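This report concerns only the one structure given below.
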Amino acid sequence: MASNDKTADSKPPSPIRSAGPLEQYYNVASRIGIIQWVIVSARYEHPSLNIVSKPVLFTALGEVVRSLAALHARLPPPSEPPIWQRLPSVNLIRLVTWLDKDSNDMKAVFEDICVTPTDVPEDMPWWKLYVLRDGTVIFTYDHTIGDGQSGLAFHHALFHALNSLKDEDIPSEHSGLVTDLPQYLPLTPSLEEAAPRQLAIPFFMFIRVVLETYLPFLFSWDRKCVWSGNPIPTVITPEVNVRILRYSAEDATTLLKLSRERQATLTATLHTLALVALSRLISALPNGEGEKYQKIVTGCPISMRRYTGAPETAMCVHISHSEGPHDLLPASAGTDAKSFPWHVATRHTEFLREEVLRTGPTMGMLKFLPGRYEEYFRGRMGMKRASGLRSKGVEGAWTISDTLFLQGDAIVGAALKLNVTGSPEGGVGISITWRAGAVEQSFAEEFARGFKDGLQDLIRGQ
């Protein structure tokens, strides 16, 4: 165990490796406020220790920082060469905040975090931690250092470090300074380096993207009938609305059983339920506005780790993205087990399985944007959104429960986001998020309410 009373290393950051195009893309997006924090929370419990105790948390967290290079590295501003730099030390005092709140206050806590600027001083890493009085730990991080799976990787590492602690390892006081960082610990290779063949771009895809970029009017005719919420705002505002749903292991088992009996995944079932709720709201829009819409485009992040070989415990940005149009569902589509459109859920399950094999080129296109990322983002301001909806243990004395996940692409991303994560004890946490102005507030509230009520119908078999 490293000493806690050393002074900060005065050495400048040391280079690690060049950043890949996807990492550079997120670096620019974060710097200009297009993408906010990614948030993954979990509640930690122990029969005798308390994670709210600074010596306990800092001792375990110091080991996590030393074990994951992404937690002590960052990229310089886009004006400088895109080389990952390893920080000489990490001061946990500047990164960890204790809040006199508990899991009942998560909605407000998440909304407050979302308005916190992602641009932090150059001598700090790209993450923060918020600790609630009931043992809930909220890990917030810049998308440049990790995808959604990376948040779970952090909690896995912290969980392991806590369960590895011995009484003699815990000091009475802790300065918060983490030194002796491993100078040869590598960052996980970039997506482009780890899976170059999967990112190869088919010729006709390249031609279509070029035409959509420079001659967008050729494709505008098929977007008029697609609902995707309000246009992307021309002025960046950080406000995000959050709604949280929690379901027990018993409820999750019921949903899984229903889905598997219809050859569908839980992801596809929740996606279809969201389509049911959205279709009802769109069809009911005032002044006949809903009649012009025929489809909803939805997006889903796709993990590329099966191709890159990165384990679940790695922090990296190894993702791609899938988008597809879906017909508005008829009024007969219900939310009870019998009238629920299971055929849509089954079809979406097959769609996602096929998309896993062909989404790599979407990220491969980023290699044509070096030096133009900000121009690309600014060019999308005021434009129609691409999609309307986006849907995603170690034994020991410590246990983890009540996990939640929020995505951070609130400005140019989908108008509504549905984020799903499972807890080790078998429960499911769901967050529904939308940026102020992406849709009408009443519309979003009705969607969240309709989704919640529909999920209860499915669980109860009504």
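The values are calculated or read from the model by the stated rules, or taken from the named source; none is laboratory data. Just so it is clear, the model here is predicted, and its values are computed rather than measured. Virtual Cβ from ideal backbone geometry, glycine too; neighbours counted across all protein chains shown. The accessibility values were calculated without ligands, DNA or RNA, using every heavy atom of the protein model including side chains. Shrake-Rupley method; radii C 1.70, N 1.55, O 1.52, S 1.80 Å.
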Do we find a residue being closer than 26 Å to Thr144 by Cβ, among the hydrophobic types (A, V, I, L, M, F, W, C), modelled with pLDDT under 70 and not in a strand (DSSP E or B) anywhere in region 208-218?
yes
Hey, does region 135-154 have a residue that's assigned to a loop (DSSP other than H, G, I, E, B), open to solvent by 40 Å² or more (accessible area, probe 1.4 Å) and out of contact with any helix residue (DSSP H, G or I) (no Cβ under 8 Å at 6 or more places or on another chain)?
no
Complete set of residues in region 42-81 that are under 23 Å from the mean Cα position of the chain (by Cα) and not aliphatic (A, V, I, L, M):
Arg43, Tyr44, Ser67, His72, Arg74, Pro76, Pro77, Pro78
Any residue in region 282-293 that is aromatic (Phe, Trp, Tyr) sitting within a Cβ distance under 6 Å of a residue that is in a helix (DSSP H, G or I)? List the pairs, counting only those 6 or more apart or interchain.
Tyr293/Ile282
Hey, can you tell me all the residues within region 279-292 that are at pLDDT 90 or above and either open to solvent by 70 Å² or more (accessible area, probe 1.4 Å) or touching a helix residue (DSSP H, G or I) at 6+ places or on another chain (Cβ under 8 Å) (or both)?
Arg280, Leu281, Ile282, Ser283, Ala284
How many residues are in contact with a strand residue (DSSP E or B) (Cβ under 7 Å, 6 or more places away or on another chain) and either among the aliphatic types (A, V, I, L, M) or at pLDDT below 95 (or both) if we restrict to region 111-129?
4
Within region 137-170, the residues that are at pLDDT below 95, more than 28 Å from Gln24 (Cβ to Cβ) and in contact with a Ser or Thr (Cβ under 7 Å, 6 or more places away or on another chain) are Leu165, Asp169, Ile170
Total residues in region 240-255, condition part of a helix (DSSP H, G or I) and open to solvent by 60 Å² or more (accessible area, probe 1.4 Å):
2
The residue that is surrounded by the most Cβ atoms within 10 Å (Cβ to Cβ), considering only those in region 1-44 that are of a type in the set (D, E, K, R) and modelled with pLDDT under 90, is Arg31
Residue that is under 25 Å from Asp453 (Cβ atoms), aliphatic (A, V, I, L, M) and either in a helix (DSSP H, G or I) or open to solvent by less than 50 Å² (accessible area, probe 1.4 Å) (or both), where the choices are Val276, Val317:
Val276
Collect the residues in region 155-190 that are on the phi > 0 side of the Ramachandran plot and either open to solvent by 40 Å² or more (accessible area, probe 1.4 Å) or outside the structural domain of Ala69 (by the TED database) (or both), keeping them in residue-number order.
Asp180
Would a scan of region 294-301 turn up a residue that is farther than 17 Å from Arg347 by Cα, under 20 Å from the mean Cα position of the chain (by Cα) and not acidic (Asp, Glu)?
yes
Check whether at least one residue in region 423-433 is assigned to a loop (DSSP other than H, G, I, E, B), at pLDDT 85 or above and farther than 25 Å from Gln24 by Cα, and report yes or no.
yes
Applying the selection to region 323-351, what residues are among the hydroxyl-bearing types (Ser, Thr, Tyr) and surrounded by 19 or more Cβ atoms within 10 Å (Cβ to Cβ)?
Thr335, Thr349
If Leu255 passes every condition in (1) closer than 30 Å to Asp142 by Cα; (2) touching a Ser or Thr at 6+ places or on another chain (Cβ under 7 Å) but one, which one does it miss?
(1)
Where the second residue is at pLDDT 75 or above and open to solvent by less than 50 Å² (accessible area, probe 1.4 Å) and the first is farther than 17 Å from Leu275 by Cβ and assigned to a loop (DSSP other than H, G, I, E, B) and lies in region 345-363, which pairs have Cβ atoms under 7 Å and are six or more apart or on separate chains?
Val356/Ile302; Thr359/Ile302; Thr359/Ser320; Thr359/His321; Thr359/Ser322
Within region 53-88, can you find the residues that are among the β-branched types (Val, Ile, Thr) and in contact with a strand residue (DSSP E or B) (Cβ under 6 Å, 6 or more places away or on another chain)?
Val65, Ile83
Qualifying residue in region 55-62 (condition: surrounded by fewer than 18 Cβ atoms within 10 Å (Cβ to Cβ) and either in contact with a Phe, Trp or Tyr (Cβ under 7 Å, 6 or more places away or on another chain) or closer than 18 Å to Arg133 by Cβ (or both)):
yes
